[in-house]
Amino acid sequence: MSPRVRYFAFLELPTLEPERVGAGDIAVLRAAGLSHAAIEDAIYVCSLFNLCNRVADSQAFQIPDPRGFAFFAGIMLRYGYD
């Protein structure tokens, strides 16, 4: 299994069953050649997406329609993230 596939397989655990994540899961990633920094980054990104998704779900955020996406894309292209 490639390191990229291992990332995604691993990231299901903190997303769906965070209480099951253990040292053995990290050992599998290290055995696949992933660095400590890469594993740590993956966990941080996964955690942030999980947090954002749970907040959005709890507040019943709506996904924009195509016109809304186009509008916000124009704003991002013009102003960036500032």
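The values are calculated or read from the model by the stated rules, or taken from the named source; none is laboratory data. Computed from a predicted model, the values in this text were never measured in an experiment. Neighbour counts run over all protein chains shown; Cβ positions are idealised from the backbone, glycine included.
Which residue is modelled with the lowest pLDDT, if the candidates are limited to region 25-49 and must be outside any helix (DSSP H, G or I) and loosely packed, with under 14 Cβ neighbours inside 10 Å?
Looking at the filtered set, the residue picked out is G33.
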State whether one or more residues within region 1-10 are in a helix (DSSP H, G or I), out of contact with any Asp or Glu (no Cβ under 9 Å at 6 or more places or on another chain), among the β-branched types (V, I, T) and modelled with pLDDT of 90 or more. no
Test: A70 is touching a helix residue (DSSP H, G or I) at 6+ places or on another chain (Cβ under 8 Å), hydrophobic (A, V, I, L, M, F, W, C) and part of a helix (DSSP H, G or I): no
